[in-house]
Amino acid sequence: MDRRTFISRSLLVAGGAAVGAAAVEVPRLWPSAHLPFSGGYAPAADRMGYDITGNTSITWHVDTTEQVLAFTFDDGPGPKWTKLVLDTLDHYDVPATFFLVGSHVEAHGDLLKGRLDRHEVGNHSWSHPDLATLDAPSIEKQLSRAHDTIRSVTGRDPRLFRPPYGHLGGSTLMVADRMGYSLILWSHEMNETAYLKNPPGQVQEIVDHARPGQIILAHDVGSADRYVALSQLGAMFTGLRQRGFRFVTVPELMALTPKKTT
Ligand SMILES: [Zn+2]
């Protein structure tokens, strides 16, 4: 079992354990549905009749010494800002990874037509629920409906999956494994609400905190603060390049992972 497989299996166990613990002591402090690993017991795969490999990987950062990082944009496409993001990426010659919401692809797929050549797409569910609160068949519907729509609209067969809110609990990992997905989280994020007060300061924060192998979370759909953050993308790219960074998609970043010797 390699390290990532071990992590996947550990999280499955942790997910089951958290449900039991939450029932006893957590509800007074925090609704259990909001705990990262709670909200839905993860049934045994064989009881579900699922044939899974147990090899799903979870990546939030890639161990590399190369000055590379990956920008990711979640929740799109959307009519307000997806075009702005794609135009900015083109202008600055930056590849990125979009974690698409299936229902948004169905409604606004035209925004992506002919625009994804240099970019990667991933599955971010059909309607952005907290998958940790759903049972396995419902999670599978969320992923497969989004998968089919992304494929039919973009011509791409997504291999990456980012669960909404980064929640991995319940049966989420099991279903992702069954469908052959790699799970992608993030190691840094744009603090979007802070951009309203001090956009240059937030650009500097992104530039100063860049690390080799980092995966940065941003959103191209949502509240107005996200627009302010997106309007600063060019300044971020320029600042990061001045620090010697280059930009890659998430699969390109993952390909840099040092080979295990065991
Ligand atoms: Zn999201």
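The values are calculated or read from the model by the stated rules, or taken from the named source; none is laboratory data. The model shown is predicted, which means the values in this text are computed figures rather than measured ones. Positions of Cβ are backbone-derived with ideal geometry, glycine not excepted, and every protein chain shown enters the neighbour counts.
One table, with the values for the structure above:
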| quantity | calculated |
| --- | --- |
| Candidates 229, 176, filtered to the one that is surrounded by 22 or more Cβ atoms within 10 Å (Cβ to Cβ) and either hydroxyl-bearing (Ser, Thr, Tyr) or touching an Asp or Glu at 6+ places or on another chain (Cβ under 6 Å) (or both) | 229 |
| Tally of residues being within 16 Å of the ligand (Cβ to nearest atom) and not in a helix (DSSP H, G or I) across region 111-166 | 16 |
| Candidates 88, 133 - the one that is of a type in the set (Val, Ile, Thr), surrounded by 15 or more Cβ atoms within 10 Å (Cβ to Cβ) and either touching a His at 6+ places or on another chain (Cβ under 8 Å) or at pLDDT below 95 (or both) | 133 |
| Test: residue in region 188-196 that is among the polar types (S, T, N, Q) and farther than 30 Å from residue 42 by Cβ | yes |
| Matching option when the condition is in contact (Cβ under 8 Å) with a residue 24 or more places away in the chain, under 19 Å from residue 100 (Cα atoms) and in contact with a Pro (Cβ under 6 Å, 6 or more places away or on another chain), among 149, 172 | 172 |
| Within region 183-202, considering residues that are part of a strand (DSSP E or B) and buried (at least 20 other Cβ atoms within 10 Å of the Cβ), the one farthest from the ligand (Cβ to nearest atom) | 183 |
| Some residue of region 203-213 being in contact with a Ser or Thr (Cβ under 7 Å, 6 or more places away or on another chain) and touching a residue at least 12 places away in the same chain (Cβ under 8 Å) | yes |
| Any pair with Cβ under 6 angstrom, 6 or more apart, that starts in region 61-80 at a residue that is under 16 Å from residue 121 (Cα atoms) and ends at one that is more than 16 Å from the ligand (Cβ to nearest atom) | 70/248; 70/253; 77/111; 77/112 |
| Matching residues in region 214-226 - criterion: being touching a residue at least 60 places away in the same chain (Cβ under 8 Å), on the phi < 0 side of the Ramachandran plot and not basic (Lys, Arg) | 214, 215, 216, 217, 218, 219, 220, 221 |
| Subset tally (residues that are outside any loop (DSSP other than H, G, I, E, B) and either basic (Lys, Arg) or modelled with pLDDT under 95 (or both)) for region 220-259 | 9 |
| Filter result for the condition that a residue is surrounded by fewer than 23 Cβ atoms within 10 Å (Cβ to Cβ) and touching a helix residue (DSSP H, G or I) at 6+ places or on another chain (Cβ under 6 Å), over 145, 118 | 145 |
